[in-house]
1. Order B:VAL66, D:VAL342, B:VAL131, most accessible first, counting only protein heavy atoms with a 1.4 angstrom probe.
2. When ligands, DNA and RNA are left out and all protein chains stay put, how many square angstrom of accessible area per residue does the protein assembly as shown have with a 1.4 Å probe?
3. What's the Kirkwood radius of segment D:6-392 in Å, using all Cα pairs?
4. Which whole number in µm²/s is D for segment C:1-90 by Stokes-Einstein, with the Kirkwood Rh taken over Cα pairs at 20 °C and 1.002 mPa s?
5. For chain B, modelled as a GNM with alpha-carbon contacts under 10 angstrom, which of B:MET254, B:MET270, B:MET283 fluctuates the most?
6. Under a cut-off of 27 Å between alpha-carbon atoms, report the lysines in cross-link reach of A:LYS164, not counting same-chain residues fewer than 8 places apart.
7. Just reorder D:TYR152, D:TYR340 by solvent-accessible area, largest first, 1.4 Å probe, all chains present.
8. Quick check: with the 1.4 Å probe, what order do D:HIS109, D:HIS43 take by accessible area, largest first?
Amino acid sequence: MVPYLFMGFGALLVATALMVVLHRNPVTSALFLVLSFCSLAGIYLLLQAEFLGFVQIIVYAGAIMVLFLFVIMYLNLPHDVEHGAHIALRRGIGWMVGALLLLFSLLLARRGWSPGPEAALLPGAEHGNAGAIGRALYSRYLFPFEITSMLLLVAMVGAIVLTKTRRPAGEERP
Amino acid sequence: MTALWSNAIFQVALWATVKVAIILGVLLGVVTYLIFAERKICGHMQARTGPNRVGPLGLLQTPLDVVKLLFKEEFIPAQANKVVFHIAPVLAVFPAIVTFSVIPLGPPPMFVVTDVNVGLLVFLAMSSLGVYAITLAGWSSNNKYALLGGLRSAAQMISYELALGLSTIPVILRAGTLSLVGIVDSQAGTYLIPGTKLALPSWGILHWYLVLPFVIFLVCSFAETNRAPFDLPEAEGELVAGFHTEYSSMKWAMFFLGEYFNMIVICSIMITLFFGGWHGPFMDVLGPVFGPLLGLGWFLLKLGVFLFFFIWVRWTFPRLRYDQLMNFGWKVLLPAAIANVLIAAVWLYWRANA
Amino acid sequence: MIPIGWTLTLSAVLFCIGVAGVLVRRNALVIFMSIELMLNAANLAFVAFAHQMRSLDGQIFVFFVMTVAAAEVAVGLAIIVNVFRLRETVFVDEINLLKG
Amino acid sequence: MRNETMTLNMGPQHPSTHGVLRVALELDGETIVRCKPVIGYLHTGMEKQAEYKTYTQSIPQTDRMDYISPMSNNLAFCLAVEKLLGIEPPARVQAIRVLLTELTRISSHVVWMGTHAIDLGALTVFWYTFREREKILSIYEQVSGARMTSGYFRVGGLAMDIPAGLLDRCQKFVDEMPAHIDEYERLLTRNPIWLARTKGVAVVSAQDAIAWGLTGPVLRGSGVNWDLRRNEPYSGYETYDFDVPLGSRGDAYDRYQVRVQEMREATKIAGQAIRRIRELGETGPYRVRDFKYVLPERAEVKTSMEALIHHFKIVAHGFFPPVGEAYAAVEAPKGELGFYLVSDGTARPWRMKVRSPSFINLQGLPVMTEGGMLADVIAAIGSIDIVLGEVDR
């Protein structure tokens, strides 16, 4: 059952990821990206990472991609119009680089991997791994965790400063 | 053949399918009559009677409205993005229905489709997907009113989701689990008010540090379901019909259905988190068969009360303005929710160690 | 049980699609989305290894990557919006001057 | 920098423009940069048509201008013609006119209140206010036979005497109305969302209001103490006891308050008018006895040869006012409603010009909305209280 589901999600993931790159309308690209994130969440579920699976949907599909869509709609972008020799050349090079990279990584993947130290179960699997992740985050990874909160704060301030339209002094938003 | 029947996975899948089918069927019926109830209640609030012509007491009004909508002509704007235009109404209904799979409608295992150990996250994930329906509907219609409605809703739902998510954290802290079944279990039984002999049901709302989260959750749930006083995405006074201006026939009805599905879902979650879910008195008296049924009954009763409250509010309040709505969400609800998380965490820690 | 080779292969394919997207597309927003694809490919590998090693550390890394991605998207989109206001385009070929 | 404004056409088909008003808006996000009302979608040419009708024939036309308050329109027109003719109707007629126009004021204000509340999302007020409007429409029906387009006033008096039992009915309404106004106020006046939506919204200063010629509750909401009923009394208003409610900040909420208080004052005036009519007789003279301009009564036509001739002449040709011009204005529910008539001595006016309050008040819309939010346009249009029939005439 699980391998079939994995194959299904994997095929969906690859297909939608390809559509993200291939489709000319940025809104459609973004929608396919949402779909691919959702199938990725499915794969996380199969890999016993329920917490990450749903956080993936909440963060990526619920927040990041909505932001993307918001920006695309706000800018009201036209379709990509792609023509001209140098674009064709670059596109060819792009696909070739991608294909070479794929070949290389597949060769690496064929080498077979040692399974690593065996444990019967993922820690905390019986109660769901949210608790286990939380404990790890607040103990071993506390410092990085706090750093990311700083990062988010900086990003938030940065985004606001960047997009704030300058108004003449003294004029306030009604 | 017998091997298939005794296969554990197959049995789980079979039962899940049966439950899903029952819930879907019941839900559609409930929504139909929820619309009827809304029209009746608002009628009586407005010094009139509401639908009373079709069928006895007007009971056939909404089913026949559905039939009418099915047969109405569908209009698709020429410049619309056809594919997205078709997908958006589906997205309006789908997340709400998915959420139902994790809500404990009665005592498990009978009345729960599946007990996911991150059930609350499922709800949050699905409610965050709900934004797409409205945003995409607004964008794909190629209509300025619809676009404004879509953009408004994207901003509104993202903003209020933060406070919504934060307001559930004290509940999680108290229950110690993300599973909705677990959260309901943590509200079983009664507790004595310290210093008195008065016993109260151990419902979330009856703990002082969960009152503010409940209020925040309630306010945010109005925003999440896009109902008055937060119905800005479809504010008919300003944006004609907002994001569904260009929709007609059954596609329009899907948005309508979605709104009511969402209303039922969010009320169910509210009951689950703060009002003890299916817990209620007299359940242990009735024995193993009728007890759980009574639990379902309690759940439905609470649901009815909340749905009535939603309808009541809608027909009473004016609509907020967009900037006021955003200010309220970011400058009032969000800080209050954060402060409350801290207070609840400190209190629970202190009580656990005291 | 899913063999780790499958997951890693999937991750590699996803990453390469992302790379190709960055190289092929001219729309800065789509390039951004392709970068997200690559990040997610890395995430998938992390989760796969966490599953294989029976350890949560990989999942925690994914958590951090998501945070970084969120921060990156917020700032990145703000920059794109600013560039668009200035140049009325988001095509990277046309944004090749340092001068605004 | 790129010009990031977006043009939004609000109307002419839009639920909140109270008819077929079109507002061309230039938006920066949701902030209004420029607001331009575009009118003319309901143009009926009433002013021009009046040149081809006898004076009496124009009365039904005036009903259709501000169709929410027909009696006030009739009164303004009749006053203008009476001024032209130099006649004044008897005191009893004036009291009846005052009673009916004050009821009209209430009717207009309840319609305004219901629709304004609907625009701002409070859907229920509408049903309560229309309950009372219904009662007033029934009173119209009782006096004139029509509910909306009453056409009850005539030059020199009324079309017919008030029917028996009308005064009791009006008295009952006047007695009940204050409680109903309390009921509306309970839904809105202290509602925080209503305050947020109307306080400080669509502000127009007293100077601006005067400069743009705004009248009625819009002017008084800005704190300018001007009411034609008191400043230039007509129909004996100087003998009634009433207050003129005033606002101070000139925002939508002040205009709301002014109208609510005006409803209470109108109820008061209507009560006084009923008492006065009772004193002057529940039946009695309802027209000027001047057969040159006003139809004689039916009974007289059947007994007096002279009356029959006058009746025939007025019905066949209309009456012939002296050469000259006259302007008469009333304080209609929406503001100063004036009729300017020029007579060349024939049975038809040479020119008729209407100074309609909705049209003039609509000019204030850009002042009120520019710099505000999109949603404030709705609040502004609602708080001006326009009727497109009157804007376009």
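The values are calculated or read from the model by the stated rules, or taken from the named source; none is laboratory data. Predicted model, so just to flag it, every value in this text is computed and none were measured. Here Cβ is always computed from backbone atoms with ideal geometry, including for glycine, and neighbour counts include all displayed protein chains. What goes into the accessible areas is simple: the full protein's heavy atoms, side chains included, and nothing from ligands, DNA or RNA. Shrake-Rupley method; radii C 1.70, N 1.55, O 1.52, S 1.80 Å.
1. Numbers: B:VAL66 60, D:VAL342 25, B:VAL131 0 Å².
These residues rank, largest area first, as B:VAL66, D:VAL342, B:VAL131.
2. Heavy-atom accessible area per residue stands at 42 Å².
3. Working: mean 1/r = 0.0465 Å⁻¹.
Hydrodynamic radius (Kirkwood, Cα pairs) of segment D:6-392 is 21.5 Å.
4. Working: Rh = 14.3 Å.
Stokes-Einstein gives a translational diffusion coefficient of 150 µm²/s.
5. The residue that fluctuates most here is B:MET283.
6. B:LYS144, B:LYS331, C:LYS99
7. Values: D:TYR152 0, D:TYR340 70 Å².
Sorted descending by solvent-accessible area, the residues read D:TYR340, D:TYR152.
8. Working: D:HIS109 0, D:HIS43 125 Å².
Greatest to least solvent exposure: D:HIS43, D:HIS109.
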